[in-house]
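Heads up, the thing below is written out as structure tokens.
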There are 2 protein chains.
Amino acid sequence: MNRKPFIDVCFTPTLFSLFDVSESIVVVIDVLRATSSMCIAFEYGANQIVPVKTVEESLAYKQKGFLIGAERHGEMVDGFDIGNSPFSYMEPKIKGANIALTTTNGTQAINVASVAHKVVIGSFLNLSALCDYLINENRDVVCLCSGWKNSFNLEDTLLAGAIAKKLENNFNLSDHRDSTIAAKLLCENAQNNFYVFLNDSSHRKRLADLHIDEDVKFCLEADKTKCVPYLSGNALIV
Amino acid sequence: MNRKPFIDVCFTPTLFSLFDVSESIVVVIDVLRATSSMCIAFEYGANQIVPVKTVEESLAYKQKGFLIGAERHGEMVDGFDIGNSPFSYMEPKIKGANIALTTTNGTQAINVASVAHKVVIGSFLNLSALCDYLINENRDVVCLCSGWKNSFNLEDTLLAGAIAKKLENNFNLSDHRDSTIAAKLLCENAQNNFYVFLNDSSHRKRLADLHIDEDVKFCLEADKTKCVPYLSGNALIV
């Protein structure tokens, strides 16, 4: 394109219909923990991940030979193979696996985003590889934060801000994008110590209550993988 | 109540249905310029302001002896008595006047908010008086940012953050309110120089394009009035 592309930030799936994404790349973000776990799954050799809406739909994939994963309200659902912790994807069974996954926020956001020109998966874990990909594509970008049950959350906004910071030389950040300005400022406030910064945030407390602090620390680390999963048909692949 | 009340920030009217406000005070915020102008109207002696949805509805009030105001896309609508500039409310005709007003964002947000226990009008211009009122009421508060056509904007978020800062000793800001944390941080980033801070924001640029920079400067000044307008029936009064 003849102009620098824009980068927009959509704070929750509820606001997504305000964005025209027919020509844009949408980066779906659910830092704690769905999109972080997805990136790790591909790093450990997963073949595909089908994001599904309901626990029942996920169960149906079991009969097709898929590993199935389900998380609701922060916890793994009984009877499933995998939860939503990135560590549960660092196992030999993941290599070559077809996976069907449903989570409270992240997989719902992927389904909402599927009207876009292209849907990719973002996390701190693949931040640099993701940004290299976006710079190379040279298209308008919308970062879709999954939020928590459609409400704004800080951790997804921080990643959107971190993406905006990495893209600022190649993208147009100066015009008409208040949400991008806000996300970038919040990220700068965190000064690369996201774990401390998120100390007061709601999801961190929810996860701390669930004794999965190690997940949180891991999901806030940058550049553990170069995988940039994208949606092809109804499945994420790399 | 036996606990400290909460303060929540709703970034746009689109997200308002996520909040249970049946027992809460909703502060409607449209800094540039509807709620700023409303506060000034009462400072200059307005009797009541009826927020209406459409230009046609506003015209119907003309026949009832009301002054009528309408703004769309940042500009005064032809044939109306008043626009959306606070300076247009600093005139002798405002004293004792009944006013019907429709604006792009602010009056729409008031209508959305009307399901709340109580609806009050917030601006930088009445910031201290508003916060004194909220502390005295000791109820949960939701700051409803009008945004711009349902999108997030910085100036309304800054005021929400300024309210949160003034209430932090009397309200519970530490639990489960990511949007409040974000608004407060952004406000702290502005370091009380909101005009400079907003330099890059979308609405500031829209208004600058319309040559109403004086409006912007005025609307970002704190404590020009002690009026705290509130909704009674279908009209704002003090």
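None of the figures in this text is laboratory data; all of them are computed from the coordinates on show. Bear in mind the structure is a predicted one, so any value in this text is a computation, not a measurement. As a convention, Cβ positions derive from the backbone with ideal geometry for all residues, glycine included, and neighbour counts pool all protein chains shown.
Going 7 Å from the Cα of B:ALA129 toward and past its Cβ, which residues in the range B:90-111 have a backbone nitrogen under 19 Å from where you end up?
Zone members listed by number: B:90-99.
Cα to Cα, under 12 Å, and not fewer than 8 places away if on the same chain: which aspartates and glutamates meet these conditions relative to A:LYS93?
Within reach: A:ASP81.
Kindly write out, for the range B:221-238 in residue order, the coupling ³J(HN,Hα) from the Karplus curve 6.51 cos²θ - 1.76 cosθ + 1.60 (θ = phi - 60°), rounded to whole Hz, with x marking Gly and Pro.
Here the 3J(HN,Hα) series is 8, 8, 6, 8, 8, 9, 6, 10, x, 9, 7, 10, x, 9, 10, 8, 9, 10 Hz.
From other protein chains only, count the Cβ atoms within 10 Å of every residue's Cβ in A:94-102, then give the mean.
0
What residues have an amide H closer than 5 Å to that of A:PHE6, excluding those fewer than 5 places away on the same chain, when H is modeled at 1.01 Å from N in the peptide plane?
It is A:ASP140, A:VAL141, A:ASN172, by chain and number.
Strictly over 23 Å apart at the Cα level, which of A:LYS95/A:LYS226; A:LYS53/A:LYS149; A:LYS224/B:LYS184; A:LYS184/B:LYS166; B:LYS4/B:LYS184 would you flag in this model?
From the list (A:LYS95/A:LYS226; A:LYS53/A:LYS149; A:LYS224/B:LYS184; A:LYS184/B:LYS166; B:LYS4/B:LYS184), the Cα-Cα distance tops 23 Å for A:LYS224/B:LYS184; A:LYS184/B:LYS166.
Show that you can apply the helix-only estimate: for chain A, add -39,500 (n - 2.57) for every DSSP H stretch of four or more residues, divide by all residues, and state [θ] at 222 nm to the nearest 500.
The helix-only estimate for chain A comes to -10000 deg cm²/dmol at 222 nm.
More than 16 Å apart: what percent of Cα pairs in the range B:83-204 qualify?
Of the Cα pairs, 68 percent sit more than 16 Å apart.
Order these peptides, A:136-146, B:228-238, by their mean beta-carbon neighbour count within 10 angstrom, highest first.
Peptide ranking by packing, descending: A:136-146, B:228-238.
How are the alpha carbon pair distances in the protein assembly as shown distributed across 10 Å bins from zero to the largest one, expressed in percent?
4, 20, 28, 22, 15, 8, 2, 0
What is the set of long-range amide H partners of A:VAL50 at a cut-off below 5 Å, with H atoms built 1.01 Å from backbone N?
Sorted by chain and number, the residues that satisfy this are A:ILE99, A:ALA100, A:LEU101, A:LEU236.
How far is B:ASP213 from the same spot in each other copy, in nm, shortest first, if each label point sits 7 Å from Cα toward Cβ?
So the distances to the same position in the other copies read 5.2 nm.
What order do you get for A:116-125, A:188-197 when each peptide is scored by the mean count of other beta carbon atoms within 10 Å, highest first?
A:116-125, A:188-197
So, R0 is 35 Å and r is the distance between the beta-carbons of B:ALA222 and B:LYS62; what FRET efficiency does that work out to, to 0.05?
Plugging the Cβ-Cβ distance into 1/(1 + (r/R0)^6) gives 0.55.
Measure nothing but the geometry: give the 0 to 90° angle between the long axis through the Cα atoms of B:178-190 and the longest principal axis through the Cα atoms of chain B, rounded to 10°.
On a 0 to 90 degree scale, this one is about 70.
Provide a whole-number value for the mean count of partner chain Cβ atoms within 10 Å of the Cβ atoms in peptide B:179-185.
Counting Cβ atoms of other protein chains within 10 Å of each residue's Cβ and averaging gives 6.
Taking beta carbons within 10 Å but only from partner chains, what does the mean come to for residues A:148-156?
Mean partner-chain Cβ count within 10 Å for A:148-156: 4.
How much of the pair distance distribution for the range B:35-140 lies past 18 Å, counting alpha-carbon pairs only, in percent?
The proportion of pairs with Cα distances above 18 Å equals 49 percent.
Using the reciprocal of the averaged 1/r over all distinct C-alpha pairs, how large is the Kirkwood radius of chain A in Å?
17.5
Whole angstrom only: what separates the Cα centroid of the range A:163-198 from the Cα centroid of the range A:87-105?
30
So for B:ARG33, A:ARG72, B:ARG177, fewest C-beta neighbours within 10 Å to most, what's the order?
By the 10 Å Cβ count, ascending, the order reads A:ARG72, B:ARG177, B:ARG33.
Got the A:GLY233 label distances to the other copies yet, label 7 Å along Cα→Cβ, in nm, shortest first?
From this label point to the equivalent ones elsewhere in the assembly: 6.4 nm.
How many percent of the alpha carbon pairs in the range B:1-91 exceed a separation of 15 Å?
68
If you rank A:ASP78, B:ASP223 by fewest surrounding Cβ atoms within 10 Å, what's the result?
By the 10 Å Cβ count, ascending, the order reads A:ASP78, B:ASP223.
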